[in-house]
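Structure, as structure tokens:
The values are calculated or read from the model by the stated rules, or taken from the named source; none is laboratory data. The shown structure was predicted, so the numbers you read here are calculated from the model rather than taken from an experiment. Note that each Cβ is placed from the backbone with ideal geometry, even for glycine, and that neighbours are counted across all protein chains shown. Ligands, DNA and RNA are excluded from the accessible area calculation, which covers all protein heavy atoms including side chains. Shrake-Rupley method; radii C 1.70, N 1.55, O 1.52, S 1.80 Å.
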Amino acid sequence: FNAPGFNQPSEREMARRWSVARRRLATATALLARAPQQAAQPRRWVDIGCSRGQFVQFAARAGFAAEGVEPAPDIAAAARESGLTVHTGFLEDQRFADAGFDAASLFEVVEHLRDPLPLLRETHRILKPGGVLLISTGNTASWTVAAMGARWDYFHIEKDGGHVSFFNPTSVRKLARAGGFEVVRIETARVKFHEKPDTNPALYASGKLLAELLNGPARLARRGHDMLAFLRRV
């Protein structure tokens with residue numbers, strides 16, 4: 001996570017990420033519309049584990065006063081060099097004021113923690129009542145896991161810095177409740193049946209076609225392997 005070339009997406013990938021972020025930010029903004037706000041003050045957003053700060057940039061583009069927290073020192077410094085407000089270290093190190101933020105995000109973070117509950121409780125502390133928290137992680141109740149089992153790359157501890165905790169919609173609800181949040185909405189997306197490097201081209205192509213056909217039903221049934229939860233601070 002601290003390598004010089006880490007997380008430097010192409011222009012095309014950045015456009016895709018902005019499209020995804022725009023939908024997420026729109027949903028969060030709609031949820032925040034019910035929470036009180038001081039006149040003429042932009043809502044504050046903190047992206048926890050923000051890497052080079054792409055989502056911080058997207059949130060600022062959407063009108064938030066956005067900043068990030070990133071434990072990898074060189075990557076955090078690179079984000080600051082690009083003009084973003086990014087703090088080095090863990091969230092607990094920042095000693096943010098109570099109820100100082102309207103929204104927060106934990107994208108692909110909780111799976112790296114043996115116990116994510118302390119982080120959720122700290123996030124609860126810095127969010128205003130009615131504040132929104134977005135959590136993204138893998139969904140072990142997905143059709144992908146049912147089909148691939150241990151072959152799913154999300155389970156490979158040597159990839160992506162090591163995933164040590166795993167979640168599904170039920171366990172996310174339990175985690176949220178223990179951290180002082182309520183789950184407002186859970187979305188899932190995508191299905192796959194094969195890893196490309198390990199599969200002959202014909203079988204991979206047929207599996208990919210089937211997965212694309214099942215993407216819509218998987219979203220409706222919450223059986224996609226990418227899971228996004230919208231939480232509200234109680």
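Figures for the structure shown
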| quantity | calculated |
| --- | --- |
| Where the chain is the region considered: accessible area per residue in Å², 1.4 Å probe | 51 |
| Restricting the stretch 73-127 to trypsin sites (Lys or Arg not before Pro) in coil, as DSSP defines it, with at most 10 other Cβ within 10 Å | Arg95, Arg114 |
| Under-29-angstrom lysine pairs by C-alpha in the stretch 81-234, whenever the two are 8 or more apart or on separate chains | 8 |
| Positive-end residue of Gly83, Leu119, Gly100, charge dipole of the stretch 47-124 with Cβ unit charges | Gly83 |
| Cα-centre dipole for the stretch 72-190 with unit charges at Cβ (Lys and Arg positive, Asp and Glu negative), debye to 20 | 440 |
| Among beta bridges that DSSP assigns inside the chain, antiparallel share in %, nearest 5 | 45 |
| Over 12 Å [Cα-Cα, the stretch 1-50], rounded percent | 77 |
| Protein accessible area in the chain, 1.4 Å probe - carbon and sulfur % | 54 |
| Mean-position separation - Cα centroids, the stretch 24-85 and the stretch 120-199, in angstrom | 21 |
| The chain: calculated mean residue ellipticity at 222 nm from DSSP helix runs of at least 4, using -39500 (n - 2.57) | -11500 deg cm²/dmol |
| The chain: angle of helix 169-178 to the longest principal axis, Cα-based, in degrees nearest 10 | 20 |
